[in-house]
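Here is the structure we will look at, set down as structure tokens.
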Amino acid sequence: MISAHLTIDPHFVVGPINRRLFGSFVEHLGRAVYEGIYEPGHADADEHGFRRDVIELVRELGVSTIRYPGGNFVSGYRWEDGVGPRAERPRRLELAWHSTEPNEIGLDEFATWLDKVGSEMMYAVNLGTRGVEEALDVLEYANLNSGTALSDLRIAHGTPQPYNIRMWCLGNEMDGPWQLGHSTAQSYAELASKTARAMRQIDPDLELVVCGSSSGQMPTFGAWERTVLEETYDAIDYISCHAYYEPLNGDFKSFLASAVDMDRFIDKVVAIADGVKAVRGSDKTINISFDEWNVWYLSRYREVDRVSGVDSWPVAPRICEDTYSVADAVVVGSLLISLLRHADRVTAASLAQLVNVIAPIMTEPGGPAWRQTTFYPFAVTSRLARGVTLDVTLDSPSYDTDRFGSVPVIDAVATRDEATGQTTVFVVNRSMEEEVTIDIDVRQLGSVALQEVQSLHDDDIHAANTLEHPDRVGLRGNQSAILADGMVTLQLPPVSWTALTLG
Ligand code: AHR
């Protein structure tokens with residue numbers, strides 16, 4: 001058995017935890033919208049055709065902000081197609097995912113659904129096939145009170161009050177060759193800058209997200225961020241990061257250390273943003289919107305799922321429907337640890353995505369909805385990670401990985417909520433073989449008691465929840481936790497994620 005040591009001191013604060021760190025993403029992709037959140041014929045559908053069981057699960061997941069309507073989808077989207085009388089809405093070719101978009105759900109319906117789940121909208125504008133004018137139009141439609149053509153159109157469509165959307169993404173992954181309207185950093189930056197300035201003429205207080213790289217492995221990574229920030233710095237508030245992880249060639253040792261890559265990615269983007277800030281002599285700090293992150297079996301999508309053929313344009317095909325294992329959930333938990341560790345600079349994030357498509361929630365048409373393994377670390381972290389992130393000191397043994405070099409076996413972060421007096425430690429054991437004993441020095445917290453310990457672990461790291469066995473994997477209590485003399489001792493099974501609350 002190996003051991004690790006963690007020290008927690010409430011005086012050392014990284015920064016406040018923005019609730020927007022627990023955002024997610026709904027794209028018009030596969031069965032995320034149709035048969036996902038919306039299935040009018042379902043026995044549990046409400047008066048708007050939204051599945052009540054899914055609404056309940058989204059609320060339980062604790063999702064703050066939801067990015068919409070894409071993703072790659074947005075780069076060919078005409079927002080006007082999705083508003084007004086349904087019978088008059090066009091069916092369109094959807095080029096990003098090779099589908100047909102029926103446009104039964106658009107901005108107004110999605111806003112209605114968001115009210116039901118209690119989340120905030122983060123809206124992406126199309127800078128792939130469209131530009132400044134369409135961004136201004138959708139902003140006017142969504143956010144203006146009344147008295148103009150488009151605000152009055154929204155009212156005529158049944159929504160008297162504006163949506164007051166605060167966060168807007170200026171396009172999506174414009175560095176990616178797969179993206180409709182893919183462009184160089186310079187031409188994207190000029191368009192994003194013009195769009196941002198124009199949108200601010202309507203509302204100077206909008207929070208605008210410029211596209212960073214679609215992954216830290218893109219050949220243009222770094223140079224893209226620098227060029228885009230140099231051009232847009234004064235006009236925007238956030239730069240986006242996107243990252244997806246999967247076990248490549250069965251390399252679980254590297255996969256379980258994916259958060260090391262996320263840490264490095266964030267640190268590099270922060271360094272570039274602060275470099276641009278320094279050169280400009282600016283007082284303004286650009287933060288990160290990590291608005292796509294998850295485990296995604298992208299190689300399976302490319303090899304198995306992808307729709308193609310000039311005669312094949314299905315509505316809501318079953319694509320990107322990954323079934324998540326215990327190992328995947330531990331990685332999701334560790335990616336949340338990475339995001340929390342950077343709470344001072346990552347002030348918004350979106351788990352990509354929410355329902356059916358690389359999602360914590362799955363549905364069957366006419367059948368049930370269920371929680372994937374990844375649901376659990378997200379729901380618990382969203383519920384417990386309140387207040388501020390603490391800068392912990394961790395002493396852990398290491399192991400070697402092919403992709404990320406030597407990495408710590410244990411990763412951990414702590415959060416503290418002054419309002420409730422609660423401190424929560426989130427910890428993962430990445431070892432595939434060894435149980436780890438961790439000692440957590442909590443003497444600086446004063447007089448506290450153990451309140452809650454929950455773990456995600458299974459002897460079979462490939463175990464998953466499915467339609468047939470929706471509750472195969474869930475949270476477990478961890479009976480090993482002992483608090484004595486200001487020291488918590490906890491056994492961490494191999495490939496496990498744990499949240500421990502003191503208060
Ligand atoms: O989330 C799935 C896809 O991943 C998004 O549409 C795109 O932005 C990214 O490449």
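The values are calculated or read from the model by the stated rules, or taken from the named source; none is laboratory data. Since we're looking at a predicted model, the values are computed, not measured. For neighbour counting, all protein chains shown are included, and Cβ atoms are generated from backbone atoms with ideal geometry for every residue, glycine included. Please note that ligands, DNA and RNA were not included when accessible areas were found on the heavy atoms of the full protein model with its side chains. Shrake-Rupley method; radii C 1.70, N 1.55, O 1.52, S 1.80 Å.
Relative to the Cα centre, what is the charge dipole magnitude of segment 265-368, using +1 at the beta carbon of each Lys and Arg, -1 at the beta carbon of each Asp and Glu, and rounding to the nearest 20 debye?
Dipole size: approximately 400 debye.
Using 1/(1 + (r/R0)^6) with R0 = 60 angstrom and r between the beta carbons of residue 393 and residue 88, what's the FRET efficiency to the nearest 0.05?
Rounded to the nearest 0.05, the efficiency is 0.45.
Run the reach check for residue 268 against lysines, Cα to Cα strictly under 21 Å, same-chain hits fewer than 8 apart removed. What comes back?
277, 284
Rounded to the nearest 500, what is the 222 nm mean residue ellipticity of the chain from helices alone, with -39500 (n - 2.57) per DSSP H run of 4+ residues and division by all residues?
That calculation yields -7500 deg cm²/dmol at 222 nm.
So for each of 205-211, 256-262 I average, over its residues, the number of other beta carbons within 10 Å; can you give me the resulting order with the highest mean first?
256-262, 205-211
Work out Dmax and Rg for segment 181-244 from the C-alpha atoms and quote the Rg first, both in angstrom.
11.8, 36
Over every pair of different alpha-carbon atoms in segment 391-503, take the mean of 1/r and invert it; report that Kirkwood radius in Å.
15.4 Å
Would you calculate the separation in nanometres between label points at residue 298 and residue 383, each defined as 7 Å from the Cα along the Cα-to-beta-carbon direction?
In this crude spin-label approximation the distance works out to 3.3 nm.
Find the accessible area per residue for the chain; the probe is 1.4 Å, ligands and nucleic acids are left out, and the unit is Å².
Value returned for the chain: 37 Å² of accessible area per residue.
Can you give the FRET efficiency to the nearest 0.05 for residue 460 and residue 198, using r as the Cβ-Cβ distance and R₀ = 45 Å?
Working from the Cβ atoms, E equals 0.25.
How high is the relative contact order of the chain, given as a whole-number percent (alpha carbon pairs under 8 Å, six or more residues apart)?
This gives 20 percent for the chain.
Which percent of Cα pairs goes in each bin when the distances of segment 309-415 are cut into 10 angstrom slices starting at zero?
12, 34, 31, 16, 7, 1
Working from Cα positions, state the angle (0 to 90°, nearest 10) between the long axis of helix 258-280 and the longest principal axis of the chain.
60 degrees
Which FRET efficiency value, to the nearest 0.05, is calculated for residue 133 and residue 267 with the Förster distance at 51 angstrom and r the Cβ-Cβ distance?
0.85
In the chain, carbon and sulfur make up what percent of the accessible area (probe 1.4 Å)?
48 percent
What number results when the radius of gyration of the chain, computed over Cα atoms, is divided by 2.2 N^0.38 Å?
Dividing the Cα Rg of the chain by 2.2 N^0.38 Å gives 0.96.
With only Lys, Arg, Asp and Glu charged, each at its Cβ (+1 for the first two, -1 for the last two), find how big the charge dipole of segment 159-220 is about the Cα centre; round to the nearest 20 debye.
In total the dipole reaches around 120 debye.
Order the peptides 428-437, 153-162, 367-376 from the highest to the lowest mean number of other Cβ atoms within 10 Å of their residues.
Descending packing order for the listed peptides: 367-376, 428-437, 153-162.
Find how much the distance from residue 2 to residue 402 grows on full extension, using 0.36 nm per residue of separation minus their present alpha carbon separation; answer in nm with one decimal.
Answer, rounded to one decimal: 141.8 nm.
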